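The values are calculated or read from the model by the stated rules, or taken from the named source; none is laboratory data. Predicted model, so just to flag it, every value in this text is computed and none were measured. Positions of Cβ are backbone-derived with ideal geometry, glycine not excepted, and every protein chain shown enters the neighbour counts. Note: accessible area is taken over every heavy atom of the protein model, side chains too, but ligands, DNA and RNA are not part of it. Shrake-Rupley method; radii C 1.70, N 1.55, O 1.52, S 1.80 Å.
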Amino acid sequence: MDSQVDNQVVEKTKVVVVGNGMVGHHFVEQLVELSKKEQVIEITVLSAESRLAYDRVHLSEYFAGKSAADLAMTDEETYQNWQVNFAVNAKVSHIDKNEKFVETEQGQRYDYDKLVLATGSYPFVPPIPGKDQEHCLVYRTIDDLEAINASAKVSKVGVVIGGGLLGLEAANALKQLGLKTHVVEFAPQLMGVQVDAGGGRLLKDKINELGVEVHTSKATSEITAGEQCRYKLCFSDGSELETDLILFSAGIRPFDHLARSFDLAIGERGGIVIDNQCQTSNENIYAIGECALWNNFIFGLVAPGYAMAKVAAEHILGQSAEFTGADMSTKLKLMGVEVGSIGDAHAKTAGSLCYIYENQPNGVYKKIVVNGDKTQLLGAVIIGDTSEYDTLLQYMLNGIELPESPEALILPMAADKPALGVDALPDSATICSCHNVTKGDIVSAIDGGACTVGDVKSCTKASSGCGGCTALVKNVTDSILEQRGVEVKKDICEHFAYSRRELFDIVKVEKITTFEQLLSSHGQGLGCEVCKPLTASILASVWNDYILEKSHVGLQDTNDTFLANMQKDGTYSVVPRIAAGEITPDKLIVLGEVAKKYSLYTKITGGQRVDLFGARVEQLPLIWHELVAAGFETGHAYGKSLRTVKSCVGSSWCRYGVQDSIGMAILLENRYKGLRAPHKIKFAVSGCTRECAEAQSKDIGIIATDKGWNLYVCGNGGMKPRHGDLFATDLDDETLVKYIDRVLMFYVNTGDRLQRTSVWMDNLEGGLSYLQSVVIEDSLQISTELEKQMQSIVGTYQCEWKTTLADPEALKRFKPFVNSDQTDSNIVFFEERQQIRPAYPHERIPVQVSDNEAETSLEKSSAQSAKIVEPA
Amino acid sequence: MSLNSENSLQWQTICQLDDLVSNAGVCALLEQGSSSLNDSEQVAIFHLPNTKQQVYAIGNYDPIGQANVLYRGIVGNIGEDIVVASPLYKQHFSLQTGQCLQENVSVKNYPARIVDQQVQLLV
């Protein structure tokens, strides 16, 4: 057998790649990977630039501090390991198609069997008189960036000519370099390729707002010497603009010079003509990326270039492969403005219809283009908020039938926004367009043994391009794993390989009462700021011990440790409980007196109570001593626990009230105060359907009816507001409390860390109706247990401040220094509107006023005098 | 004190072991010679009885949050590093070096030890 091989001389196929941009490099990567088994390929890479391939997509990050090395996609060592020959500064100047070799400018000769042209493109500089001056630059390579950087150092004003995608990126770069920046665009709008007129208008406004001046419909006719600046742009309409630096970004042209000189077929307006296999008019020469013209089209994006690279590599290895065009949809962030463009953004398809939503105050513009019978999505333009991009793209790419009212896809707060679940995607759905990874590819990766998102990423390369699909890849992977019955890891941190729910069960079942026990039996390491407070919260939910028990002290977040809310300067705010917002004048006076005595900033909160700010650690026990003496209890404003039960006055005073909402609110607040949960919990009770207490925006919302109470669950305000869902109607007092007991305890038992009730319910399989079946119909037969747990917590309530004041050991923690009675001299307040607030850095006056200079500065600012509040 | 040049650091007793809180931090004031109280340094001292060194000390001033709060953070480990998480914005600071793990800033780090139930820093 061996001798047979010896007799056969294996000729290696010589592949020479001209150009080492992103696409050229991707080709090498593909060829190396695909040819592994055969080992019959010898690859040579020739780069005209002085460095090997780097990431041009993220070029602008060079100005944000990334180095050339950070942007590099490969290095000499990698190529050596792959046994790829390479040469930099090797510009190919000659192709001999008959003898099959290329020659560089330096006269180096390289023979090939297959030649791959990946020469990319060059920036188009319009033929404007005066364009060839020292500070007239382009934006394409790292060398260009270095030139821009150098020029910016001696410039104050910069102009980008061209308001396309790259032009706006270049403008951002100039702005980052500290130049007063302008963008000049010939067309009436920015990003004319990707964005329609409406979107372009909004984009212009947003970019103007960011301090970059946009000039549209301006044709530059000449560049002459300036008066205030180095140059002057003269426009055809007679107007002018002075600038020190000019950056051309007026589109790209295929770098097809070689192909032109050596008689390969070239398109009318440039570009090396290729067929579906990426072969040029000479079958041994391929062209890929931005230098190639397919179907009379040049693809100026990296994803189609990657697709071509893969096709060419496969074809060279004798596999059948075809390039069939590429989707040009893009999503990007330009100077912080989100822009997305999908498919037929300009509604050019005959018979197409548009839905447009524009919100000028918030700077949001969304348009979808659908076919005549409103069943298919053809295209979209989204500016300002691209959160729907992924969903829209999947509708378009996979021809998924649109919902009955397609506008719901882009309208904010649409009542039941159709969510496109990942299960609905066909296997052909493209998940990562940079590396052309489909849902089917992820399925096969998982079939092949990948069992985490990380595995899937490394074996499919999904989301290693622009990264825009990261969330989608995770959702698809999780969903497939779940279907396979693989449990998706929800480890809370490196110390515990468990989810909050699992830890909760462990603590309960194994009767664990300290963090040490839990760590030694189920964890590793020392713990951290994630697992420690989480454990403390679980221990509090299960056993309801005093949270400052010696073994729990180090587990608590500072707010729980000091039973107050830390503010930016390290001082704390104090919020006593004022159940349902009802307070006697006497108690209100006490709050005022305490605030006055300790010079605390005083504010009414949204939860109908009073917040006292600016207390130093050592003042907290003194303040609470007075508050407790006056009958106040802690408000748990610091805890992941019940905050407030907001109420309106209801039937006791209001002409319209139908139930005693204050009475119910007080009852509920006193019942659930102190309950520790995965996150904070807010309630409200409204006395009639007018809903003055805004109960539908709370975790638990109760609205009076003439027959009893309607219960709403799992609403919230905050970053992502959500209305509560109607859970049960016309309940009597007893049933209402019973249901709330069960809902809350079920949440405490099963919620994830820092998961509000809304997200928790949405993640329950079956959502609202499942929760109703558990709580109302007792489908899991746990309601007695849930009520018992709640009863135990209600029965063991203690005011943490009252307990703390009675414990000399706990009080020691409030002393600022273990070895001194001084106070923190870094805390400085400033007076504003007759109250204190933390001083801003520029207001801090040197504290030593011994020399004259300091005294003068004090006098200057005597109108608003800074002061240090001494502890009382 | 005149012999105490910059290079000759000395172990100074700051407090008793009893003053520390297990698996948490306390704050101490370092008096700088005879100068006024405003020059005094705040040191965050942490007691981690389950680690080899047991006691750690770093500057108390959080350079990111710009407040004297580090002693009030939660201690633990991130990989090999023994850290405290700032209570303000949660960045981790190494208790062994004072280096912040997320940003390129650091706080002062003081060698610390326990001798005869006394907590000492090399200052």
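Heavy-atom accessible surface of the range B:52-123, averaged per residue, reaches 42 Å², computed with a 1.4 Å probe.
Computed on the Cα trace of the protein assembly as shown, the radius of gyration divided by the Kirkwood hydrodynamic radius gives Rg/Rh = 1.02. If R0 equals 45 Å, the separation of the Cβ atoms of B:S8 and A:E618 corresponds to a calculated FRET efficiency of about 0.80.
With both labels modelled 7 Å from their Cα along Cα-to-Cβ, the A:D143 to A:S352 distance reads 4.0 nm. The long axis of helix A:783-795 is offset from the longest Cα principal axis of chain A by roughly 60 degrees.
Taken residue by residue and averaged, Cβ atoms of other chains lying within 10 Å of the Cβ of B:74-86 number 5.
Modelled spin labels at A:Q133 and A:S50, positioned 7 Å past Cα toward Cβ, are 2.7 nm from each other.
With a 1.4 Å probe on protein heavy atoms only, work out how much accessible surface A and B bury together, total over both chains, in Å² to the nearest 100.
Values: alone 41240 and 7360 Å², together 45620 Å².
Counting both chains, the buried surface is close to 3000 Å².
Estimated from the Cβ-Cβ distance and a Förster radius of 25 angstrom, the FRET efficiency linking A:S458 and A:A497 is about 0.75. Taking the Cα centre of the protein assembly as shown as origin and assigning +1 to Lys and Arg Cβ atoms and -1 to Asp and Glu Cβ atoms, the resulting dipole is close to 1780 debye. The mean number of Cβ atoms from other chains found within 10 Å of a Cβ in peptide B:41-52 is 2, as a whole number. Take chain A with all the other protein chains still there, run a 1.4 Å probe, and you get 46 Å² of accessible area per residue.
In sequence order, the range A:364-381 has phi-based couplings of 10, 9, 9, 9, 10, 10, 10, 6, x, 9, 6, 10, 10, 8, 9, x, 7, 10 Hz under the Karplus curve 6.51 cos²θ - 1.76 cosθ + 1.60, θ = phi - 60°, and Gly or Pro positions carry x. Amide H contacts under 5 Å for A:L293: A:I272, A:V273, A:I274, restricted to partners 5 or more places along the chain or on a different chain, H placed in the peptide plane at 1.01 Å from N. For the pair B:Y89 and B:R113, the difference between a 0.36 nm per residue extended length and the Cα-Cα distance amounts to 5.8 nm. Computed 3J(HN,Hα) for the range A:497-505, one whole-Hz value per residue from the Karplus formula 6.51 cos²θ - 1.76 cosθ + 1.60 where θ = phi - 60°, is 8, 9, 7, 4, 4, 5, 4, 4, 5, glycine and proline marked x. Within a straight-line Cα-Cα reach of under 12 Å, A:K91 can be paired with the following aspartates and glutamates, leaving aside sequence neighbours fewer than 8 residues apart in one chain: A:E49, A:E103, A:E105.
For A:K66 and A:E401, the FRET efficiency from 1/(1 + (r/R0)^6), where r spans their Cβ atoms and R0 equals 35 Å, is about 0.20.
Counting Cβ atoms of other protein chains within 10 Å of each Cβ in B:67-73 and taking the mean gives 6.
What is the extension gain from A:Q781 to A:A197, computed as 0.36 nm multiplied by their sequence separation minus the C-alpha to C-alpha distance, in nm to one decimal?
Contour length minus Cα-Cα distance gives 204.3 nm.
Helix-only arithmetic for chain A: the sum of -39500 (n - 2.57) across DSSP H runs with n ≥ 4, divided by the residue total, places the mean residue ellipticity at 222 nm at -9000 deg cm²/dmol.
Paramagnetic label reach from A:S792 (point 7 Å along Cα→Cβ; backbone nitrogen cut-off under 11 Å): within the range A:537-560, residues A:541-545.
For A:T735 and A:Q483, calculate 0.36 nm times their separation in residues minus their Cα-Cα distance, and state this gained length in nm to one decimal.
Working: separation 252, 0.36 × 252 = 90.72 nm, distance 3.78 nm.
Extending this stretch completely gives an extra 86.9 nm.
Only residues of the range A:776-818 count here: report those whose backbone N is under 15 Å from the spot 7 Å along Cα→Cβ of A:A630, or say none. The answer is none. Label separation (A:E209 vs A:T803): 4.9 nm, computed from points 7 Å beyond Cα along the C-beta direction. Eigen-decomposition of the gyration tensor built on the alpha-carbon atoms of the range A:558-665 gives equivalent ellipsoid semi-axes of 28, 15, 11 angstrom, largest listed first.
List the residues of the range A:798-825 that lose 10 Å² or more of accessible area once all protein chains are present, compared with their chain alone (1.4 Å probe, heavy atoms only, no ligands or nucleic acids). In the range A:798-825, residues shielded by partner chains: A:K812, A:R813, A:P816, A:F817, A:V818, A:N819, A:S820, A:Q822, A:D824, A:S825. Taking Cα centre as origin and charging only the Cβ of basic (Lys, Arg, +1) and acidic (Asp, Glu, -1) residues, the dipole magnitude of the range A:117-180 rounds to 280 debye. For the protein assembly as shown, with all protein chains in place and a probe radius of 1.4 Å, 48% of the accessible heavy-atom surface sits on carbon or sulfur.
Ordering A:A53, A:L377, A:Q659 by Cα displacement along the dipole of chain A toward the positive end leaves A:Q659 in first place; charges were set at the Cβ atoms of Lys, Arg (+1) and Asp, Glu (-1).
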